[in-house]
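The values are calculated or read from the model by the stated rules, or taken from the named source; none is laboratory data. Computed from a predicted model, the values in this text were never measured in an experiment. Cβ coordinates were reconstructed from backbone atoms using ideal geometry, including for glycine residues, and neighbour counts include every protein chain displayed. In case anyone asks, the SASA skips ligands and DNA or RNA and just uses the protein heavy atoms, side chains included. Shrake-Rupley method; radii C 1.70, N 1.55, O 1.52, S 1.80 Å.
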Amino acid sequence: MTSVHMTPVPRGTVVAYRDDGVLSRAMGTLVAGQLAPLPPALVGMFVTGVLLLVGVAGTDGLAVFAPAVALLLAGPGSSHPHDGRLDWLVPPILRLTEYGFVASVGFAHDVPPGLIFLLLGAMAFHHYDIVYRVRQRVYPPPWLSTFGFGWDGRMLLVALGGLAGQVTLMFALLSLYLWCLFAWESVTCWLAAPRLGVDAADLGAHD
């Protein structure tokens, strides 16, 4: 049976759920998988939450970078196999922090709510697509996280928009780009996926 080439997840499915960008993967390479992923992810989420709570995201200055920099604490853990008992918590922590940061910056800078939800929707669509693909053994290609910027790159881009005083423009451009990228890649991948292989994997998932 002929099939389209699918990219395997090398270190377990939890790693695939992280959606790391170039910076996060580079930081993980530096520590060569020796850093446990959960503690730094928790610290990043806590620091980001505290900064957002006191309104840092709404200021016009370098402070807008603080949540993104704090979250990058989770980057070195990207190369770990995520085989600990609680390591499955890392992807939800990254999602919560990314979504919370993006939403907070958007509302603090008076971005139209529809545009905020449009950007959040693009990210949520991508993350749901990853979860479903992993269940079906139809993995996204490595280049997708690079061109999709990863959770770290998207946060930094939103922060850059805040520093430049162009948050609404950044949200608009990023939303358009991510929806086009993620929707196009998802549709083309699923159309090319071998139907029989997907059905078999789906049946196995329900056993």
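Tabulated data
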{"quantity": "Checking L120 against (1) at pLDDT 90 or above; (2) open to solvent by 10 Å² or more (accessible area, probe 1.4 Å); (3) in contact with a Pro (Cβ under 6 Å, 6 or more places away or on another chain); (4) not hydroxyl-bearing (S, T, Y), the condition it does not meet", "calculated": "(3)"}
{"quantity": "Where L42 falls short, out of the listed (1) at pLDDT below 85; (2) of a type in the set (A, V, I, L, M); (3) part of a helix (DSSP H, G or I)", "calculated": "(1)"}
{"quantity": "In region 98-135, residue farthest from F147 (Cα to Cα) [restricted to those that are touching a residue at least 60 places away in the same chain (Cβ under 8 Å) and either aliphatic (A, V, I, L, M) or not in a helix (DSSP H, G or I) (or both)]", "calculated": "V111"}
{"quantity": "Qualifying residue in region 23-33 (condition: open to solvent by 50 Å² or more (accessible area, probe 1.4 Å), at pLDDT below 80 and either hydroxyl-bearing (S, T, Y) or over 16 Å from the mean Cα position of the chain (by Cα) (or both))", "calculated": "yes"}
{"quantity": "Boolean, P67 is at pLDDT below 85, at negative phi and either touching a Cys at 6+ places or on another chain (Cβ under 7 Å) or open to solvent by less than 20 Å² (accessible area, probe 1.4 Å) (or both)", "calculated": "yes"}
{"quantity": "Tally of residues being over 11 Å from the mean Cα position of the chain (by Cα) and open to solvent by 30 Å² or more (accessible area, probe 1.4 Å) across region 90-107", "calculated": "2"}
{"quantity": "Within region 45-64, considering residues that are modelled with pLDDT under 80 and surrounded by 19 or more Cβ atoms within 10 Å (Cβ to Cβ), the one farthest from the chain's Cα centre (by Cα)", "calculated": "V56"}
{"quantity": "From the options D83, D87, D110, residue that is of a type outside the set (A, V, I, L, M) and crowded, with 16+ Cβ neighbours inside 10 Å", "calculated": "D87"}
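This table checks each residue for (1) at pLDDT 90 or above; (2) open to solvent by less than 70 Å² (accessible area, probe 1.4 Å); (3) aliphatic (A, V, I, L, M).
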site: D152; (1), (2), (3): yes, yes, no
site: T168; (1), (2), (3): yes, yes, no
site: L174; (1), (2), (3): yes, yes, yes
site: L178; (1), (2), (3): yes, yes, yes
site: L181; (1), (2), (3): yes, yes, yes
site: W184; (1), (2), (3): yes, no, no
site: L196; (1), (2), (3): no, no, yes
site: L203; (1), (2), (3): no, no, yes
